[in-house]
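**Student:** Submitted below is the structure of interest, expressed as structure tokens.
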Amino acid sequence: MKKTIDIAYNFDGTRWKTAAVSIISLLKNRGNNHYFVHCVVTKDMFENRDARKQMENIVAGIDKDSKIEFIQFDPKKASIPYDNNMAFGGGICYWKQDFFTIFPKLDRIIYLDDDTIVLTPLDELANIGLGKNYLMAFRPGQAFRGIGDSKRYGEIQQYNAGVIIMNLKAIRESKIYKTFAELLKDKNLSFEQGLLAVAFKGRLAMYDGHTLYNYRTHADYATRGKKIAIIHYTGKKPWFFVTRKMSAWWKYAKMSPFYKQFRSNWIYNFFLYISIMLLPSKKMRHRLRNKYSRL
Ligand SMILES: [Mn+2]
């Protein structure tokens, strides 16, 4: 019997189309696997029936044995206070520490950011032994906001939070999640990366067999000449601007019903970014980019 692999995404009503592109790449490169794509979403996304239907059609159109579901996340029930404590002004992609309760029946889950492209079947990640580890991830990451902040915690494993395998069973059984809220009071910890790096200290495994391509780090260092399994577009996004490996993203965007919209938005965003580059302050550029970018 073929196994279905559980995958989780987090997104809101503004990022579902890019999540769809990531899901297309996942399904197109599924090999012999099928996926159950669990989308943990905001209220606005959950209530967007048309968007949900379109995503369901995309999945059914590629693989009828794969499934997609939508789960509305309630921040009030979270293990950490989300309001007034947003590391980067967002929040949606910082919910993964609550997966142990969002998926009460699953023993493990593979989490993918919406800005990833999956180029290989993920059965190896789905089957790898996690042992006592709560989390398995790829290098590198940024668990602390600044250098020197790690003194309090000693040697902490930095990891990339865009692609992770979570040992939900171990997290539930150990009740380690009870430490999250207290740890998050330290403002030097970046939201989920810092929180989990510290809470899971000594139980955070690195997966070096596969290769995650993280364009913001040195490509050659990250891949070491190995085949790229997953591309994670940290920093600037291929739907906004010129990025390394952007052709891989556009290949799958082209298979989506949103291609023409992505294309015209990209042209608009490109010129927007170019004009914004002339502005003197980083804060100002960031604010205008967020306000006027089209997706
Ligand atoms: Mn990301």
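**Student:** Where does the chain land at 222 nm, in deg cm²/dmol rounded to the nearest 500, when only DSSP H runs of n ≥ 4 count, each adding -39500 (n - 2.57), divided by all residues? Display every interim value, and only then the final one.
**Tutor:** Values: 12 runs with 102 residues, N = 295.
Rounded to the nearest 500, the figure is -9500 deg cm²/dmol.
**Student:** Still on this model: Which one of M284, M55, M166 has the biggest mean-square fluctuation once the chain is modelled by GNM with Cα springs under 10 Å?
**Tutor:** Among M284, M55, M166, the largest mean-square fluctuation in the Gaussian network model of the chain belongs to M284.
**Student:** If the cut-off is 15 Å between C-alpha atoms, which aspartates and glutamates fall inside it for K151, apart from same-chain ones fewer than 8 positions away?
**Tutor:** Straight-distance partners of K151: D186.
**Student:** Now, a different point. What's the longest uninterrupted piece of the chain once you rule out the GluC sites (Glu not before Pro) that are loop residues per DSSP with at most 14 other Cβ within 10 Å? Walk me through the numbers on the way to the answer.
**Tutor:** Numbers: sites that count: E47, E155.
Here the longest run is 156-295.
**Student:** Also: Might you report the magnitude of the Cβ-based charge dipole of segment 172-295 about its Cα centre, with Lys and Arg at +1 and Asp and Glu at -1, to the nearest 20 debye?
**Tutor:** Numbers: 26 positive and 6 negative charges, 87 e Å.
Its charge dipole is roughly 420 debye.
**Student:** If exposed trypsin sites (Lys or Arg not before Pro) are those in a DSSP loop with at most 12 other Cβ within 10 Å, what is the longest stretch of the chain that has none? Could the numbers behind the result be given before it?
**Tutor:** Working: sites that count: K2, K3, K64, K105, K132, K175, K185, K187, R224, K226, K227.
Longest site-free region, per DSSP loop and neighbour criteria: 228-295.
**Student:** Let me ask something additional. Using θ = phi - 60° and the Karplus form 6.51 cos²θ - 1.76 cosθ + 1.60, what ³J(HN,Hα) does each residue of segment 278-289 get, whole Hz, x for Gly and Pro?
**Tutor:** With the stated coefficients, segment 278-289 comes to 6, 6, x, 9, 5, 4, 5, 4, 4, 5, 5, 4 Hz.
**Student:** Could you pull out every one of the aspartates and glutamates with an alpha carbon less than 18 Å from that of K227, ignoring same-chain neighbours closer than 8 positions?
**Tutor:** Once the sequence-local aspartates and glutamates are set aside, what remains near K227 is D123, E124, D208.
**Student:** In nm, to one decimal, how far is the T101 label point from the Q72 one, both placed 7 Å along Cα→Cβ?
**Tutor:** Label-label distance for T101 and Q72, simple model: 1.8 nm.
**Student:** Continuing with the same structure: On alpha-carbon atoms, Rg over Rh for the chain using Kirkwood Rh?
**Tutor:** 0.94
**Student:** Then there's this: Could you sort out which of K187/K282; K169/K237; K67/K96; K96/K282; K17/K185 sit more than 25 Å apart by Cα distance in this structure?
**Tutor:** Working: K187/K282 22 Å; K169/K237 34 Å; K67/K96 20 Å; K96/K282 29 Å; K17/K185 34 Å.
Violating the 25 Å limit, Cα to Cα: K169/K237; K96/K282; K17/K185.
Since every read-out is calculated from the coordinates, none of them should be taken as a lab result. On a predicted model such as this, the values are computed, not experimentally measured, just so you know. Here Cβ is always computed from backbone atoms with ideal geometry, including for glycine, and neighbour counts include all displayed protein chains.
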